[in-house]
1. If I take every Cα pair under 8 Å that is 6 or more residues apart in the chain, average their sequence separation and divide by the length, what percent do I get for the relative contact order?
2. Would you mind telling me the antiparallel percentage of the DSSP bridges in the stretch 2-169, rounded to 5?
3. List, largest first, the extents of the alpha carbons of the chain along their principal axes, each in whole Å.
4. Whose amide H sits under 5 Å from the amide H of D120, counting only residues 5 or more places off or on another chain, with H placed in the peptide plane?
5. Considering only DSSP states other than H, G, I, E and B, which trypsin sites (Lys or Arg not before Pro) in the stretch 1-80 qualify as loop sites with at most 11 other Cβ atoms within 10 Å?
6. In nm, to one decimal, how far is the N133 label point from the Q38 one, both placed 7 Å along Cα→Cβ?
7. Rounded, prolate or oblate: which fits the stretch 82-130, taking a ≥ b ≥ c as square roots of the Cα gyration tensor eigenvalues, rounded meaning a/c under 1.5, else prolate when a/b beats b/c?
8. Can you give me the C-alpha center-to-center distance between the stretch 59-92 and the stretch 98-170, rounded to a whole angstrom?
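Every number here is computed from the coordinates shown, using simple stated rules; none is lab data. Bear in mind that the values here come from a model prediction, so they are computed numbers and not experimental data. All Cβ positions, even for glycine, are placed from backbone atoms using ideal geometry, and neighbour counts span all protein chains on display.
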Amino acid sequence: MKATLYIASSLNGKMTEGQTNSSWVSEHDEIMFARTCQEIGCVLVGRQTFDQYQGVVYPVPETQNVVLTSNQDRPDQKNVTFRNDLSSALQTIEDLGFDRFVVVGGAQVIKQCLDHKIVDQVLLSLHPYIFGNGLSIVGEYEGNVTLEFEAVKHEHKEFLLVQYKVIQYK
Ligand SMILES: NC(=O)c1ccc[n+]([C@@H]2O[C@H](COP(=O)([O-])OP(=O)(O)OC[C@H]3O[C@@H](n4cnc5c(N)ncnc54)[C@H](OP(=O)(O)O)[C@@H]3O)[C@@H](O)[C@H]2O)c1
C-alpha cells in the first residue's frame, strides 16, 4: 500500500494559519486536489479536517473517503467510511480494491502515514504566505526523508503544484 501526500503549504511549511485556518488555500488548488483524488480513487482524511470542510471539500465526489476517528458510532455514508485506527483504515482501502490512496491530513494523519513509511509521492501545493503560527505539514513527525523533484504539475498565480518522489526514509 502506497500513499500520495497532497498538501497545501505556506512558504514556511505550515498547513494552517493558527491551529485551524485553511481558508487561504486557493479554490483552484481544491479543484486540483479533487481531481487527484478522483484519479487515484481513494482519500484518507482525519476527522477534524473532514468535519471542518464537510459539504465544501468532503466527501470528495467520485472518490472513496476513508475518515479516521476514535468515535465508534459514526455510521458510514455513501462513499464515506469511518475507521478507528490506521491499520483498519489501510485494510479498508485494500478491501475497496486500492493499492494507493491520497493522504491530505490533517497533521496528525500525515504524521502517522510518514511513521508507517507509506508515503512514496508528495504533491506540494505551495502558496505565497508565511505563517508564524500554524500546524506543520508533517505534524509532529520526527523522522527524516529524502525526496527527488519530479515535475511542476501546475502553475497558477495563487500557488505552484510541485511533485516529488520519496527516495529514502532515514
Ligand atoms: N493545508 C492543507 O492542505 C490541509 C489539509 C488537511 C487539513 N488541514 C488543516 O488541518 C487541520 C486539522 O489537522 P489536525 O491534525 O488537527 O486534525 P486531523 O488530522 O484532520 O484530525 C484529527 C482527528 O482524526 C482522528 N484520528 C487521527 N488519527 C487517528 C487514529 N490513529 N485513530 C483514530 N482516530 C484518529 C481523531 O478524531 P476524533 O477526535 O474523532 O477521535 C483526531 O482528533 C484542519 O484545521 C485543516 O484546516 C490543512
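1. 32 percent
2. Details: 19 of 44 bridges.
Among the beta bridges of the stretch 2-169, antiparallel pairing accounts for roughly 45 percent.
3. Dimensions of the chain along the principal axes of its Cα atoms: 39, 35, 28 Å.
4. Amide H to amide H, under 5 Å and 5 or more residues apart or across chains, D120 pairs with A3, L5.
5. On the way: sites: K2, K14, R35, R47, K78; in loops: K78.
Those that pass, being in a loop and sparsely packed, are K78.
6. 3.8 nm
7. prolate
8. Each part's Cα centre sits 21 Å from the other's.
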